[in-house]
1. Looking at this structure, is ASP40 modelled with pLDDT under 90 and crowded, with 20+ Cβ neighbours inside 10 Å?
2. Could you list, in sequence order, all residues of the stretch 97-123 that are within 16 Å of ligand 2 (Cβ to nearest atom) and modelled with pLDDT of 85 or more?
3. Can you tell me which residue among GLU100, GLU56, GLU110, GLU147 is out of contact with any Lys or Arg (no Cβ under 6 Å at 6 or more places or on another chain) and in contact (Cβ under 8 Å) with a residue 40 or more places away in the chain?
4. Can you confirm whether the stretch 253-261 contains a residue that is within 16 Å of ligand 2 (Cβ to nearest atom), at pLDDT below 80 and not polar (S, T, N, Q)?
5. Which of the residues spanning the stretch 78-109 are within 15 Å of ligand 1 (Cβ to nearest atom), assigned to a loop (DSSP other than H, G, I, E, B) and not small (Gly, Ala, Ser)?
6. Keeping to the stretch 53-75, report how many residues are in a helix (DSSP H, G or I) and within 22 Å of PHE175 (Cα to Cα).
7. Among the residues of the stretch 245-287, which ones are without any contact (Cβ under 8 Å) to a residue 12 or more places away in the chain and among the charged types (D, E, K, R)?
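The values are calculated or read from the model by the stated rules, or taken from the named source; none is laboratory data. This is a predicted model, so every value here is computed, not measured. Here the Cβ positions follow ideal geometry from the backbone for every residue, glycine too, while neighbour counts run over all protein chains shown.
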Amino acid sequence: MLISIVVPCFNEEEIIGRFHQRVAEELGSLGHPVELVYVDDGSSDRTLAILQEIAESGPRTRYVSFSRNFGKEAAMLAGLRNASGDAVVIMDADLQHPPELVHRMVALHEQGFDQVIARRTRKGDRVTRTLAARAYYRLINRLVDVELVDGVGDFRMLSRRSVDAVLELTEYNRFSKGLFAWVGFSKVTFECENAVREEGSTKWSFSKLLNYGLDGLLSFNDKPLRAALYLGLLLLAVAMAYSAWIVGDAVVNGVETPGYVTLLVALTALAGVQMMMIGVVGEYVGRIYYEVKRRPHFLVQATNVETAAAATQQRQGRELVRR
Ligand code: UDP
Ligand code: MG
């Protein structure tokens, strides 16, 4: 059984060499051959040069380098496409996903599980982020059709058939947590300690996280649209009740002209709600816009993956487009 390890890297020059060494040390005793698939996500530092050195010094190391930063989702997709293993592990380059856990993953995989998922505790995370995450997962699981679990990231092992299933999903807006959950197959989750990043810095700013969260909400369901519909109906009912009350009041007590504040509040509130709902619709239209363009998810500027393999993939890609 060949095991591929997919590693997205974006500006990881400080740690990538050490990462490779650790993986080589840890997985030499695995009892299975291991292939490494590094994806350089348009780094502006020496990441690519280091990857090329690594690839030259040892066999079974592939690298794919993007023409610019396309994001981790695209990098993972490229890694999965270029992995030839019977099982694939996706792992961060910053050693937050301890390589020694792969032993456990392989053992569980051999018991017949298609997806072996590491679930990290949130120890050492900032309290605000932990609370935000908890609230977010409660909300999202009420909304989306697939089940998403807090603490579960991209660190997991996938069987060949689940990798192939994920690769069949060619959508442009990729939300891997959802995609992995969507393909299904047998899953097992195990807990692991939260490791703190040793070198370099996280690439997630608050706004990036917020947008990622929104993507998750919007890319897996159309329930926000349904919510807009209900909210509209609710507002209509409130307005009708209120107007009935005003008319009744006028009949009983006579007409009183003022009502300036009520008018203004109602007007601005309604304008706000309307704009928000247009925004929701706009989000979906925007997604359609990107999907119909059918642009590639990434562009490769350098790679050592055999041209033959690349050619097959291109052919498969074209077939998918034709279908
Ligand atoms: N990464 C990437 N492209 C990006 C951002 C991040 O390939 O645009 C990679 C990064 O090199 C790392 C992994 O994704 O291997 C996770 O990134 P990071 O450690 O910054 O995220 P965190 O662990 O804080 O969630
Ligand atoms: Mg990290």
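1. Working: modelled with pLDDT under 90: no; crowded, with 20+ Cβ neighbours inside 10 Å: yes.
Taking the combined requirement at face value, the residue does not satisfy it.
2. Within the stretch 97-123, the subset within 16 Å of ligand 2 (Cβ to nearest atom) is 97-99, 101, 118-123.
The answer is HIS97, PRO98, PRO99, LEU101, ALA118, ARG119.
3. From the options GLU100, GLU56, GLU110, GLU147, the qualifying one is GLU100.
4. Keep residues of the stretch 253-261 that are within 16 Å of ligand 2 (Cβ to nearest atom), which gives none.
Checked the stretch 253-261: no residue is within 16 Å of ligand 2 (Cβ to nearest atom), at pLDDT below 80 and not polar (S, T, N, Q).
5. Result: MET91, ASP92, ASP94, LEU95, GLN96, HIS97, PRO98, PRO99.
6. Within the stretch 53-75, the subset in a helix (DSSP H, G or I) is 53-57, 72-75.
Of the ones still in play, those that are also within 22 Å of PHE175 (Cα to Cα) are 72-75.
Number of matching residues: 4.
7. Residues satisfying the conditions are ASP249, GLU256.
Results for (1) surrounded by fewer than 22 Cβ atoms within 10 Å (Cβ to Cβ); (2) under 20 Å from GLU100 (Cβ atoms); (3) of a type in the set (S, T, N, Q); (4) in contact with a Phe, Trp or Tyr (Cβ under 9 Å, 6 or more places away or on another chain), shown as yes or no for each residue.
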{"site": "HIS20", "(1), (2), (3), (4)": "no, yes, no, yes"}
{"site": "GLU26", "(1), (2), (3), (4)": "yes, yes, no, no"}
{"site": "SER29", "(1), (2), (3), (4)": "yes, yes, yes, no"}
{"site": "VAL34", "(1), (2), (3), (4)": "yes, yes, no, no"}
{"site": "ALA49", "(1), (2), (3), (4)": "yes, no, no, no"}
{"site": "TYR63", "(1), (2), (3), (4)": "no, no, no, yes"}
{"site": "ALA75", "(1), (2), (3), (4)": "no, no, no, yes"}
